[in-house]
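The values are calculated or read from the model by the stated rules, or taken from the named source; none is laboratory data. On a predicted model such as this, the values are computed, not experimentally measured, just so you know. Note that each Cβ is placed from the backbone with ideal geometry, even for glycine, and that neighbours are counted across all protein chains shown.
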């Protein structure tokens with residue numbers, strides 16, 4: 001950079017910092033970022049409280065079962081059925097076990113609510129439900145529709161508008177007022193002047209916006225480290241993209257009003273129109289399988305089961321050769337009836353569940369590909385991934401929860417079948433069957449290790465936005481060869 | 001004079017190429033999102049209607065069985081879809097659409113459309129109403145910000161006023177022309193698309209959809225007029241067109257984008273959404289406590305004592321049926337208490353959000369629009385109440401039938417079709433139009449207050465306009 005350029009840059013920086021509008025815009029954006037981060041922190045606190053309550057609920061259920069066990073281990077005239085007996089493995093599994101699959105918030109969750117407010121962070125393992133993929137936490141639909149005022153909202157929607165307000169008129173304002181003619185008479189190139197103006201805006205914006213975001217995250221309790229650095233770089237590229245775009249639009253010399261209007265329309269297209277059209281296109285190309293048809297399939301499965309119950313029971317217990325000699329009696333036990341029914345329903349509905357899983361995967365792939373159509377969508381995807389509130393993480397969570405449920409079944413099955421094969425009571429006068437007391441041994445859900453989740457998307461986002469900003473800057477530089485006067 | 005000026009302004013607007021581009025772009029966007037919305041609404045409505053009939057036949061065609069087994073077999077209920085949901089899905093994407101009705105469990109409505117939609121759908125305006133409430137205000141601002149400021153910069157405002165045109169007449173003519181244009185490029189397509197929805201989706205008559213559609217369209221135009229007034233007032237007050245545009249865009253950004261989200265966060269801070277999981281845990285714990293074996297046995301003994309017998313075979317009723325009926329009455333009270341508290345908290349949040357409409361017309365129009373379209377929270381709450389009332393009828397009918405038929409010497413009692421037929425078909429009808437109109441009185445008043453206030457500002461600015 002020449003000495004003239006450096007001097008101009010410093011002049012522009014001083015001039016910008018002296019303008020009340022500039023201070024006002026950055027102050028507003030900073031306040032908005034603080035509010036966004038505070039809301040994010042409040043959301044994380046609510047989630048952590050919910051997860052803490054879940055653990056407390058599970059612990060209470062275990063202590064209740066232990067207390068009942070102690071009561072039912074003493075002789076008493078009380079007669080209890082298996083579904084009121086926590087000392088029976090099968091009874092405990094279906095009527096007393098309280099366990100959940102949980103999705104803890106990631107360290108940068110304060111950044112974006114993403115899909116996190118819509119998708120559940122906990123799934124209760126319930127062997128009585130035919131639709132394990134229907135879980136959600138009933139909140140307030142109004143809040144879901146309005147959306148959270150989070151950091152991502154500020155970065156995606158408000159920061160570009162602030163940069164447009166400051167950047168759109170840097171050159172065109174001087175064109176409209178006639179000052180540009182006077183500057184053109186000086187021994188300085190248009191590119192030097194434009195670079196000084198854009199450079200000043202970029203330098204101050206990077207400090208204000210990236211610095212503001214980091215400060216807001218710090219106040220929200222987000223830890224530092226590589227992920228934060230990645231997000232800071234991402235946001236820096238986003239800010240530079242809008243500065244470069246402002247210079248490019250100004251280079252068409254259509255006046256300040258037309259520049260502002262054009263930039264706002266581009267902003268609207270990138271942040272609202274393109275995501276809308278993308279969602280419509282994906283929904284048209286990949287229609288969601290019918291949930292009503294899914295329910296109909298479940299009812300047909302139910303009817304099919306009840307038409308052929310005995311055969312289904314016998315077929316299921318036949319899988320266990322060790323019980324071959326006792327199979328006819330065991331087929332009439334509540335344990336075998338229930339396990340056989342659940343296995344029948346799961347198998348019968350597998351095609352539908354696979355269709356929904358395939359649809360989710362295809363929609364996710366199409367969405368990730370479509371993000372290249374708009375820098376706003378790219379930023380949105382990268383920040384949600386960094387926050388751990390993206391759709392992919394939730395899909396993995398649901399699959400892990402389902403796998404956990406199946407693992408629990410496999411864990412209880414041999415215990416319950418052993419009792420069904422040889423029903424025995426260690427204490428004939430006691431109400432409880434006393435064949436199960438391994439309450440603390442029941443497998444717990446281990447959350448999926450999410451270290452580095454979103455790293456790939458952040459890096460991709462940084463490269464994409466940097467390339468887009470560089471392209472726009474090069475295009476603008478090409479157009480700013482000669483003065484328009 | 002005003003009429004002549006109005007005609008002239010309309011003619012000038014009609015000649016502008018940007019107006020044709022804007023009208024075309026809006027029509028394409030609205031039609032594209034409508035096509036998808038209508039397809040989905042129609043498919044769901046027809047599927048729901050078909051499966052409701054199938055479920056009824058399944059219920060009636062059950063084999064002879066214990067009535068309590070029939071109560072466990074249960075059936076599914078589907079929320080009727082308003083035809084106008086094709087243009088204003090309201091809160092429906094965030095609410096479950098179908099509920100399993102069975103004994104012992106008050107299930108949630110499941111399968112929210114928003115959970116199945118692509119992730120980018122939440123950032124867009126994928127419905128006709130989204131376009132009307134977010135994009136159209138931006139469009140009217142871009143059409144109206146230069147109404148006076150542009151003339152002032154060109155020097156033609158001085159000419160117009162110098163020729164004897166009163167500022168207020170000029171305001172009326174220009175605002176009137178822009179409003180007429182907005183009605184043409186927004187109101188007419190909205191009415192047409194709504195009409196197509198009413199004709200294509202079943203049960204429009206039940207919803208009284210035609211008057212709803214007219215009132216709904218008028219409300220959207222009123223909302224657009226709010227932003228038109230903002231742009232016109234800014235144009236009158238600002239010294240330059242650039243200033244008018246900046247002020248109008250700032251207003252749009254604050255009112256249409258930021259304020260609704262800020263309101264949601266503020267309401268969440270003042271009246272936090274109760275933790276549904278905690279409520280479910282309380283319900284489950286209380287129901288389990290009631291069903292504890294020793295307490296269960298005590299209640300059995302009480303029934304035996306009431307009939308003066310010492311064993312259940314001597315009872316003139318079925319003991320198991322009586323115990324299940326008793327348990328259900330207990331559980332109903334638990335659900336009513338806990339869910340009543342939960343729903344009361346949600347209702348409180350709704351009221352607070354509605355009050356926030358005083359700071360943003362977008363919040364007011366969203367509530368108003370949903371109520372008229374039948375895709376609001378009250379409609380959903382009505383559906384849930386109807387389902388629960390039906391579930392209780394199912395459960396009580398089956399249990400009481402079992403109670404009245406103790407197992408005899410010939411074996412266990414098996415009910416059949418005549419018992420299943422005691423339960424009528426499930427029907428959920430929307431509340432009449434006058435109930436919806438009552439419900440929208442407050443948001444409508446807020447929107448009118450915005451119109452009156454901004455109209456006053458524009459009039460005041462017109463009286464003091466300097467060329």
How many of the residues making up the range A:425-455 are part of a helix (DSSP H, G or I) and out of contact with any helix residue (DSSP H, G or I) (no Cβ under 8 Å at 6 or more places or on another chain)?
1
Against the conditions (1) in a helix (DSSP H, G or I); (2) facing chain A (nearest Cβ under 9 Å); (3) under 31 Å from the mean Cα position of the chain (by Cα), where does residue B:53 fall short? Just the number, please.
(2)
Pairs needed: first member in the range B:97-118, more than 7 Å from chain A (Cβ to nearest Cβ) and in contact (Cβ under 8 Å) with a residue 12 or more places away in the chain; second member anywhere, assigned to a strand (DSSP E or B) and surrounded by 21 or more Cβ atoms within 10 Å (Cβ to Cβ); C-beta distance under 6 Å; at least 6 residues apart or different chains.
B:99/B:77; B:100/B:76; B:101/B:75; B:101/B:77; B:109/B:99
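Filter the range B:407-418 for residues that are surrounded by fewer than 20 Cβ atoms within 10 Å (Cβ to Cβ) and touching a helix residue (DSSP H, G or I) at 6+ places or on another chain (Cβ under 8 Å) and give the result.
Of everything in the range B:407-418, those that are surrounded by fewer than 20 Cβ atoms within 10 Å (Cβ to Cβ) and touching a helix residue (DSSP H, G or I) at 6+ places or on another chain (Cβ under 8 Å) turn out to be B:413, B:417.
Of the residues B:77, B:70, which is closer than 17 Å to residue A:292 by Cβ, more than 9 Å from chain A (Cβ to nearest Cβ) and modelled with pLDDT of 95 or more?
Details: B:70 fails: closer than 17 Å to residue A:292 by Cβ.
That would be B:77, the only listed residue that is closer than 17 Å to residue A:292 by Cβ, more than 9 Å from chain A (Cβ to nearest Cβ) and modelled with pLDDT of 95 or more.
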For the range A:218-243, how many residues are within 26 Å of residue A:167 (Cα to Cα) and touching a residue at least 40 places away in the same chain (Cβ under 8 Å)?
12
In this structure, is residue A:155 more than 30 Å from residue A:405 (Cα to Cα), at pLDDT 95 or above and buried (at least 19 other Cβ atoms within 10 Å of the Cβ)?
yes
Of B:319, B:245, the only residue that is farther than 30 Å from residue B:156 by Cα and within 14 Å of chain A (Cβ to nearest Cβ) is B:319
Is the range A:313-323 home to any residue that is within 12 Å of chain B (Cβ to nearest Cβ), under 25 Å from residue A:129 (Cβ atoms) and either more than 38 Å from the chain's Cα centre (by Cα) or at pLDDT below 95 (or both)?
no
Yes or no: the range A:250-267 includes at least one residue that is part of a helix (DSSP H, G or I) and closer than 21 Å to residue A:458 by Cβ.
no
Condition first: exposed (fewer than 15 other Cβ atoms within 10 Å of the Cβ) and touching a residue at least 24 places away in the same chain (Cβ under 8 Å). Can you find one or more residues in the range B:291-312 that meet it?
no
Options A:8, A:21, A:29; residue that is at pLDDT below 90, out of contact with any strand residue (DSSP E or B) (no Cβ under 9 Å at 6 or more places or on another chain), under 30 Å from residue A:197 (Cβ atoms) and buried (at least 19 other Cβ atoms within 10 Å of the Cβ):
A:8
Just checking, does the range B:166-182 include any residue being more than 28 Å from residue B:460 (Cα to Cα), surrounded by 17 or more Cβ atoms within 10 Å (Cβ to Cβ) and touching a helix residue (DSSP H, G or I) at 6+ places or on another chain (Cβ under 8 Å)?
no
Okay, helices (runs of 4 or more DSSP H) sitting entirely in the range B:219-295 with 2 or more residues that are closer than 28 Å to residue B:194 by Cβ and within 25 Å of the chain's Cα centre (by Cα), I get B:259-270
Which residues, counting only those in the range B:417-467, are outside any helix (DSSP H, G or I) and closer than 30 Å to residue B:67 by Cα?
B:421, B:422, B:423, B:424, B:425, B:426, B:427, B:428, B:429
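In the range B:140-168, which residues are farther than 22 Å from residue A:265 by Cα and under 40 Å from the mean Cα position of the chain (by Cα)?
The answer is B:168, and nothing else.
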Just to be sure before I move on: is residue A:396 surrounded by fewer than 18 Cβ atoms within 10 Å (Cβ to Cβ) and outside any helix (DSSP H, G or I) in the structure I sent?
no
Kindly list the number of the only condition in (1) under 38 Å from the mean Cα position of the chain (by Cα); (2) in contact (Cβ under 8 Å) with a residue 60 or more places away in the chain; (3) buried (at least 18 other Cβ atoms within 10 Å of the Cβ) that fails for residue B:322.
(1)
Consider residue A:195 carefully, then state whether it is closer than 20 Å to residue A:14 by Cβ and either over 41 Å from the mean Cα position of the chain (by Cα) or part of a helix (DSSP H, G or I) (or both).
yes
Considering residues of the range A:269-289 that are over 30 Å from residue A:352 (Cβ atoms) and touching a helix residue (DSSP H, G or I) at 6+ places or on another chain (Cβ under 6 Å) only, the residue farthest from the other protein chains (Cβ to nearest Cβ)
A:270
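For every residue, the table says whether it meets (1) closer than 30 Å to residue A:43 by Cα; (2) within 12 Å of another protein chain (Cβ to nearest Cβ); (3) touching a strand residue (DSSP E or B) at 6+ places or on another chain (Cβ under 8 Å).
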| position | (1), (2), (3) |
| --- | --- |
| B:195 | no, no, no |
| B:274 | yes, yes, no |
| B:279 | yes, yes, no |
| B:292 | no, yes, no |
Which one of these is more than 10 Å from every other protein chain (Cβ to nearest Cβ), within 27 Å of residue A:434 (Cα to Cα) and buried (at least 22 other Cβ atoms within 10 Å of the Cβ): A:90, A:127?
A:90
Restrict the check to the range A:54-64 and report whether at least one residue is assigned to a helix (DSSP H, G or I) and touching a strand residue (DSSP E or B) at 6+ places or on another chain (Cβ under 6 Å).
yes
Residue B:77 meets each of (1) within 20 Å of the chain's Cα centre (by Cα); (2) in a helix (DSSP H, G or I) with one exception, condition (2)
Would a scan of the range B:129-143 turn up a residue that is within 9 Å of chain A (Cβ to nearest Cβ), closer than 30 Å to residue B:77 by Cα and touching a helix residue (DSSP H, G or I) at 6+ places or on another chain (Cβ under 9 Å)?
yes
Among the candidates A:370, A:401, A:386, A:358, residue that is in a helix (DSSP H, G or I) and in contact with a strand residue (DSSP E or B) (Cβ under 6 Å, 6 or more places away or on another chain)
A:401
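Table: residues versus (1) crowded, with 17+ Cβ neighbours inside 10 Å; (2) touching a strand residue (DSSP E or B) at 6+ places or on another chain (Cβ under 9 Å); (3) more than 10 Å from every other protein chain (Cβ to nearest Cβ); (4) in contact (Cβ under 8 Å) with a residue 40 or more places away in the chain.
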position	(1), (2), (3), (4)
B:2	no, no, yes, yes
B:5	yes, no, yes, yes
B:15	no, no, yes, no
B:31	no, no, yes, yes
B:34	yes, no, yes, yes
B:47	yes, yes, no, no
B:65	yes, yes, no, yes
B:85	yes, no, yes, yes
B:89	yes, no, no, yes
